[in-house]
Amino acid sequence: MTTVTDDPALIQDYIERGIQHLWVQTQGVDNLRKEDGLVVIESGDGIYLTDIKGRRFIDAMSGLWVVAVGHGRTELADVAREQMATMAYANTFAYSSKPAVDLATKLAQITPDGINKALFVNSGSEAVETAIRMAKQWHYNRGDKGRYKVISRVGSYHGITAGAMSVNGSNFINRAPFEPLVPGNVAVENVNCARCPYEKTYPECDVFCARTIEDTIKFHRPETIAAFIAEPISTANGCWVPAPEYWRTIRRICDEYDIVMICDEVINGFGRTGEWFGIQHYDVLPDVMTVAKELSSGYLPIAAALASDKIAAGFEGEAGAALVGGSTFGMHPVACAVALANVEIIERENLVANAKKMGVYLDTRLQELQSKHRVVADTRGIGLMHTIEMKRDPESNTDFTDEDAVGERMPRILRDEGILARAGSAIAIAPPLVINGEQVDEMVDIIDRSITRLESELSIA
Ligand SMILES: Cc1ncc(COP(=O)(O)O)c(C=O)c1O
């Protein structure tokens, strides 16, 4: 296969056409026009990606918490080819396919006991929409027709479609241009034990942040509330791992007021946190789980809302009880076949256990950075999902200034040194689950050098 890398004129041509014709999500065109503003990735192997200029990077965020099994798995390409050649597509509203049945069966085996039914869609946002639809219609089918509100948490991220954006519960994505969104979102505070929104301290607080949700429910009247949605271990909010009692408390409150508990496992799922699913750290059963990203390691787009027996039972029986609506490409046979093969790789290669083991090692290595670098305020996370939080001066709790421009500076420095990651004052670290100890060292050494460069560029001794 010829690579673009061999031809400097072609490299430039790709970059220019990319800037002119491609709408790169979340990047302003001005940014793309800056030097090295548009990075065009060409190939990948294991934890590494190579761009058209021939630069090799560690994919320190697995793309976007996606590529669990690593890049370059030709076995997944073979599965896709075979399924396409056998039967690429059939009406997904009325029929099913062997790969869809097989994947749903596998998910019933690996999810917590009591989650046994999968509704497949194409993206995490759609999975969130579907989970909310399930929750609302579950109540409706039982004759409880006034429940339209959904409780979510400040600082959370659940997607980009209108319903998902309505429960984002944050200004992480600027919602203003799209308002009014879907009515009925109620935001409660998130978990953040270092800067508790209630200025309390764990364990004396007795997880007040969870307990107080009951007050919100009473204020809004329980009979108007359909669901509560949150990531078991929040990523958007910066890898805060809730205390053990947190989820048990949420479960108790949801049960008491008949509220559907949706766990958004779009990032947490499939081993990222060192368990198959994030909620398994807490020993409680969700009513609905949403999964996406690592379900297929990104080899093809696929996502799902996974329903508990309790929720699934609410759609049985009378005619008209079936969940309203369908998606043409939901349950796509090729995506299901690839996702199944991906989950089998995660199982066969013990990648969940590897994430747990490498996560412990990564954690100690990141803590070394905290003792070494003045700007590192905190490092935290679980499994292979970590955050490095930086400030201009952590001691006086002084943030970087606008002139410091860390949002532009840090990704550039990391890239120069050989890492692709989401970075600003916080660096998200979530490498593919196949990473080994030497590669953790290689990655942390690069981050170490990068932070030294940041301190030097900003003249922070
Ligand atoms: C927790 C969570 N839920 C939902 C989504 C939306 O997924 P998608 O981008 O596939 O629509 C994301 C995306 O990052 C996410 O992090």
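Bear in mind that the values in this text are calculations on the coordinates, not laboratory data. The structure displayed is predicted, hence computed values, not measured ones. Here the Cβ is made from the backbone with ideal geometry for all residues, glycine too, and neighbour counts use every protein chain on show.
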Exposed-loop cut sites defined as chymotrypsin sites (Phe, Trp or Tyr not before Pro) in DSSP loop states with at most 11 other Cβ within 10 angstrom; longest site-free run of the chain spans 199-461
Could you work out the per residue convex hull volume over the alpha carbons of region 141-214, in cubic angstrom? 117 Å³
Net charge over other residues, Cβ less than 12 angstrom from the Cβ of residue 190 (K, R count +1; D, E count -1): 0
Let me check I have the definition right: for region 263-333, take the eigenvalues of the Cα gyration tensor, multiply each by 5, take square roots. What are those semi-axes in whole Å, largest first? 25, 19, 7
Rg and Dmax in Å for the chain, alpha carbons only: what are they? 22.5, 71
In whole percents, the bins of 5 Å from zero upward hold the Cα-Cα pairs of region 345-393 as 5, 22, 24, 17, 13, 9, 6, 4, 1, 0
What ranking do 136, 53, 34 get, fewest neighbouring Cβ atoms within 10 angstrom at the top? 34, 53, 136
Is the shape of region 274-392 best called rounded, prolate or oblate, per the rule: a/c under 1.5 gives rounded, else a/b larger than b/c gives prolate, else oblate, with a ≥ b ≥ c the square roots of the Cα gyration tensor eigenvalues? prolate
May I have the convex hull volume per residue, in Å³, for the Cα set of region 75-348? 130 Å³
Could you state, as a whole-number percent, how many of the C-alpha pairs of region 177-225 are farther apart than 16 Å? 51 percent
Over the chain, what is the relative contact order in whole percent, taking alpha-carbon pairs under 8 Å and six or more residues apart? 20 percent
Taking region 396-461, which GluC sites (Glu not before Pro) meet the DSSP loop condition and have no more than 15 other C-beta atoms within 10 Å? 403
For the chain, what proportion of DSSP beta bridges, expressed in % and rounded to the nearest 5, is antiparallel? 65 percent
Of the GluC sites (Glu not before Pro) in region 104-202, which ones lie in a loop per DSSP and count no more than 12 other C-beta atoms within 10 Å? 199
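In whole Å, what three semi-axes, largest first, describe the equivalent ellipsoid of region 333-419 built from its Cα gyration tensor (square root of 5 times each eigenvalue)?
That gives 35, 18, 11 Å for the three semi-axes.
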Lysine pairs in region 136-239 with Cα distance under 22 Å, only those 8 or more apart or on different chains: how many are there? 5
